[in-house]
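Rule-based calculations on the coordinates, nothing more; no lab input. Just so it is clear, the structure is predicted and the values come from calculations on it, not from any experiment. Note that each Cβ is placed from the backbone with ideal geometry, even for glycine, and that neighbours are counted across all protein chains shown.
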Amino acid sequence: MKNKQNKNGEKSLNSQAINVTKTYLPNKEKYISYIDEIYKTGWVTNYSPLVQKLEKRLAEYLDVKNIVLVSNGTMALNIAYKLLNLKDEIITTPFSFIATSSSLKWSGLSPIFADINLDNFNISPEKIEERITNKTSAILPVHVFGNACDIEKIQEIAINYNLPVIYDASHAFNIIYNNQNILNYGNISTISFHATKLFHTIEGGALIINDDELAKKARLMINFGIKGPERIEEVGINGKMNEFEAAMGLCMLDEVQKIMEQRKLIYNKYKEKLKAHVILQKLNQNATYNYSYFPILLKNEESTLKVQKALNKKNIFPRRYFYPSLDTINLLNEKRDCFVSQDISKRILCLPIHSSLDDSLINLCINTIIESI
Ligand SMILES: *Cc1c(COP(=O)(O)O)cnc(C)c1O
């Protein structure tokens, strides 16, 4: 069915549901040529050639010392906790994807929520400090929507209290913070390469580890702790990325710059037309941005649901990222005292942002929002 356009160049109805993300599929011929290679080597997993190649290319591209590719971003977090021998309480943000906190629970740790800042949606360093007890064993901030945390302040607290920092940098592919890739900060940074993320390997993720010995240990851990044919050196798990996923990553890496530029155009269009009508996330000026998300903040929950409904009617499906605030989930936590996060969660919407959106769809989205506010 062809979409009709009105005089504003805007689609009156679009036949396809528009979601926040759409998996980017890179050049098919190139992917097939990698698959041909896999069929030749017959090596499909267990630190296979394309996994090694992707690791090397990513280390160069991101300018990081040690990157360990794993099966997904949640696995990367769980490995990080084991590597640092964490126990008891971990201070983290209530405003994130569920995996940040549920992975802690999964590993037998307690998420302790420190509230976020109203303007940038990231964990507040002051609130981190308030939550530190003698049971705290680490700090786990998230660069929410790719917006860099206040790394200096967090580092200062970490040093003062002698606590390791793990950054859940799942949204932070290709971000430069003070002239360094953001993944270099913290004792460990983890990232997700899930199909919905800016750079993906279908399923996948990575740990970025500054300490060489810890990186070695991570490599053992993701392969059952197997050191040699007859030697087990760690209690490990199966956390490996496979060859087909690495092939996807190699193809994506060739196109990711282009993808980011396409998203930047959409981001700037949204920003230009919407900034007078909604509140936007305040971005960290010490960091670059990757245009992976476009969150808008409405004045209250009622208005948010109204905008969501109006967009749904036009077949556009923004997401309430991140709702609910994780401190309100009984399975994770008994206290419910992150009031800024609860407030933001109730009035935030992430708009569709992916390279297949054309101007008329973006305009339809913008105009629908403005009309329904
Ligand atoms: C996507 C995501 C994860 C989980 O990554 P997977 O690769 O899906 O396991 C963890 N934390 C955050 C903040 C995420 O957005």
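Here are the numbers for the structure shown:
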{"read-out": "Net dipole in debye of the chain [+1 Lys, Arg Cβ; -1 Asp, Glu Cβ; about Cα centre; nearest 20]", "value": "1360 debye"}
{"read-out": "Signed unit charges on C-beta, dipole axis of the chain, positive-most listed residue T100, L283, T74", "value": "L283"}
{"read-out": "Likely footprinting exposure, V235, V165, V20, fewest C-beta neighbours within 10 Å first", "value": "V235, V20, V165"}
{"read-out": "The stretch 100-174: C-alpha gyration tensor shape, a/c 1.5 cut-off, then a/b vs b/c", "value": "oblate"}
{"read-out": "Calculated Rg and Dmax of the stretch 235-304 using C-alpha coordinates, Å", "value": "18.1, 55"}
{"read-out": "Residues N134 and S356, FRET efficiency given R0 of 51 Å [Cβ-Cβ distance, rounded to 0.05]", "value": "0.50"}
{"read-out": "Spin-label model distance (nm) - A276 vs N210, 7 Å beyond Cα toward Cβ", "value": "4.6 nm"}
{"read-out": "For the stretch 222-340: rounded, prolate or oblate by the Cα gyration tensor [a/c cutoff 1.5]", "value": "oblate"}
{"read-out": "Cβ-Cβ FRET estimate between N184 and L283, R0 fixed at 22 Å, reported to 0.05", "value": "0.65"}
{"read-out": "Above-threshold pairs, the threshold being 20 Å between Cα atoms, out of K65/K217; K127/K153; K105/K240; K56/K216; K153/K282; K30/K258", "value": "K105/K240"}
{"read-out": "Under the span-like rule (Cα at least 24 Å along the axis, Kyte-Doolittle mean at least 1.6), DSSP H helices of the chain", "value": "none"}
{"read-out": "CD proxy at 222 nm, helix term only [per DSSP H run n ≥ 4: -39500 (n - 2.57); per residue of the chain; nearest 500]", "value": "-12000 deg cm²/dmol"}
{"read-out": "Cβ charges +1 (Lys, Arg) and -1 (Asp, Glu), total dipole of the stretch 256-373, debye", "value": "180 debye"}
{"read-out": "Under the Debye formula (equal points on every Cα, no solvent term), log10 I(q)/I(0) of the chain at q = 0.10, 0.12 Å⁻¹", "value": "-0.66, -0.93"}
{"read-out": "Hits among aspartates and glutamates - C-alpha to C-alpha of K299 under 20 Å, sequence gap 8 or more where chains match", "value": "D115, D119, E272, D343, E371"}
{"read-out": "Pair-distance profile P(r), taking every C-alpha pair of the stretch 175-219, with 5 angstrom steps and integer %", "value": "6, 21, 21, 22, 20, 10, 0"}
{"read-out": "The stretch 180-237 versus the stretch 149-166: alpha-carbon centroid distance in Å", "value": "22 Å"}
{"read-out": "Cα-based reach from K314 at 12 Å (exclusive), listing aspartates and glutamates while leaving out same-chain residues under 8 positions away", "value": "E10"}
{"read-out": "Net dipole in debye of the stretch 129-177 [+1 Lys, Arg Cβ; -1 Asp, Glu Cβ; about Cα centre; nearest 20]", "value": "160 debye"}
{"read-out": "Simple label model, 7 Å out from Cα along Cβ direction - N268 to R336, nm", "value": "4.4 nm"}
{"read-out": "Between the stretch 23-81 and the stretch 91-138, the alpha-carbon center distance in angstrom", "value": "30 Å"}
{"read-out": "For the stretch 222-236, Karplus couplings with θ = phi - 60° (6.51, -1.76, 1.60), whole Hz, Gly/Pro x", "value": "6, 10, 6, x, 7, 8, x, x, 10, 9, 10, 10, 9, 7, x"}
{"read-out": "Along principal axes, Cα extents of the stretch 277-357, largest first, whole Å", "value": "42, 38, 24"}
